[in-house]
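Please treat every number below as a calculation from the coordinates, not as lab data. None of the values given here were measured: they were computed from a predicted structure. Methodologically, a virtual Cβ is constructed for each residue, glycine included, from the backbone with ideal geometry; neighbour enumeration extends over all protein chains shown.
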Ligand code: NOJ
Ligand code: MG
């Protein structure tokens, strides 16, 4: 086992399609590890913790944005796409991080934010400062307002973060001016992708990071770049959420695919299979699959799976539909349960039927039961064919922090929307590494952390779980080691369902079998073979097994 855990990537080994079965670990830089004690995680902090990720057994890391940014949306508002924000470090730190990761056999995927930039981006500053008629205005969506004095927004589109998707500018002479479009916060003006300078700029940004050695990109709001000409009103449909979009004037328009075909040509110019994964909230799995046709991007996040309730029929249906949709275009399925935008799955899977499907509104749940279910779900996820995305802290079983006081919250959606219920800060609380009290090794002892950590997280720290059999960290490490070494758990699209009772899911992949009890009651099953790993305690005798509720077991048949 140890050998496997520390095995380095053999530089001579074929790289062919590494991404088809990769386990990719999302690092949210501001919350991972803080090297300089300012309370915000940074690139040197990440660098110092890379051996932990090698030992965990993941194949790649995806870093959320660390570029120069005023941080109005935690870095998803980029002021300079080729610079590292001083809060996170320097470009040399980024180079060092990529080099260290590669030495450890880890690939590095960075976030690319092409739908919008920051209001501090040079193009936008000039567009505003130069007033109407500035050629830089054409690179965004500037429009005169409606109504006699232009005081009404140009159309009825709402911002994803609440309020209108338009903000009015002030002319250089101090009079009220044109409006600009921002699907997210006002600090995030949308680019006009019909302007050739925008496309050119992103080609050079891609090359900049590819030249620096990154292995790929996660494309933010990949479905949003192209807007319907004329920016027509939504009319009756004046509410939307990323997941609900159907036919929309600004989401999932056919024109985006031309952009990704162009990017694919650039990625393919580089050696070593550089990849891109789309954050594309399209209405159906078939629409999502369009982003990963052979000449477009490599992967797309499977938000349908993320939003699927914890019951056997629903899970099976989504798994089948996902595999079928991706099979049709020759792309691997992807699976994810948590990220920096949704309620951690320790809580979310207990919240069935509450709130919207992406679980933006966290609820208090029984933490013991929540963790039990989350572990079962993670073990199911890791057994599925395709690529798995893990979010930092899920390997520690971190719960969603549901009681952050309003004054510490930083999610712009919290402040622009209802101002209650939580939203995305509760999944972004910094990682506990070791020690008895906050910041639990996230930064120097006694130092701050940008969001407060709960008082009872000492037992969840990496150090507290590392040597403990049965801990969530041990479970993830062991599962990832099995996944890496098992001959039937590679990229093969080889899932076959076996008959099972109502609350059970049972499937085989070659000689591998996964059994999941999603119901509340224990179920007795015939013993399929040698037990490889279980998400919780299981009673097994030579012939049969009592599979408790919310438990997953991997077997070798
Ligand atoms: C999706 C990102 O994951 C989220 O964090 C961000 O707020 C929006 N895109 C806008 O960039
Ligand atoms: Mg720092």
Listing 433, 457 by rising number of other beta-carbon atoms within 10 angstrom, fewest first, gives 433, 457
Taking only the Cα positions of the chain, the convex hull volume per residue in Å³ is 146 Å³
Figure the gain on full extension for residue 455 and residue 524 (residue separation times 0.36 nm, minus the Cα-Cα span) and round it to one decimal in nm. 20.9 nm
Output the 0 to 90 degree angle, nearest 10, between the alpha-carbon long axis of helix 91-103 and the longest principal axis computed from the alpha carbons of the chain. 20 degrees
With each pseudo-label sitting 7 Å past Cα toward Cβ, what's the residue 103-residue 436 distance in nm, one decimal? 3.6 nm
Just to verify a number: FRET efficiency for residue 126 and residue 309, C-beta to C-beta distance, R0 = 30 Å, to 0.05? 0.05
Restricting to Cα pairs below 8 Å that are 6+ residues apart, what does the relative contact order work out to for the chain? Please round to a whole percent. 13 percent
Please work out whether region 122-181 counts as rounded, prolate or oblate from its C-alpha gyration tensor, where a ≥ b ≥ c are the square roots of the eigenvalues and a/c under 1.5 means rounded, while otherwise a/b larger than b/c means prolate and anything else oblate? oblate
Just grab the label-to-label distance for residue 83 and residue 324, each label 7 Å out from Cα along the Cβ direction, in nm (one decimal). 5.1 nm
At 0.36 nm per residue, and after removing the present C-alpha to C-alpha distance, how many nm does the segment from residue 408 to residue 48 gain when stretched out fully? 126.9 nm
Compute the relative contact order of region 122-181 as a whole-number percentage, counting only Cα pairs closer than 8 Å that sit 6 or more residues apart in sequence. 32 percent
Ranked on Cβ counts within 10 Å of their own Cβ, fewest leading, 350, 531 go 531, 350
Between helix 256-268 and the chain, what is the angle of the helix's C-alpha long axis to the longest principal axis, kept within 0 to 90° and rounded to the nearest 10? 70 degrees
Cα centroid distance between region 53-108 and region 138-159, in Å? 36 Å
If I model a spin label as a point 7 Å beyond the Cα along the Cα-Cβ vector, how far apart are those points for residue 254 and residue 496 in nm? 4.1 nm
In a Debye calculation with equal point scatterers on the alpha-carbon sites of region 494-556 and no solvent, what is log10 I(q)/I(0) at q = 0.13, 0.26, 0.28 Å⁻¹? -0.28, -1.19, -1.36
Linear extension gain, residue 540 paired with residue 204, 0.36 nm per residue minus alpha-carbon span: 115.2 nm
Region 374-480: relative contact order in percent, alpha carbon pairs under 8 Å with at least 6 residues between: 24 percent
Which peptide among 506-513, 185-192, 287-294 comes first, and what is the full order, when sorted by highest mean count of other Cβ atoms within 10 Å? 185-192, 287-294, 506-513
Highest to lowest packing among 33-46, 441-454, scored as the average C-beta count within 10 Å: 33-46, 441-454
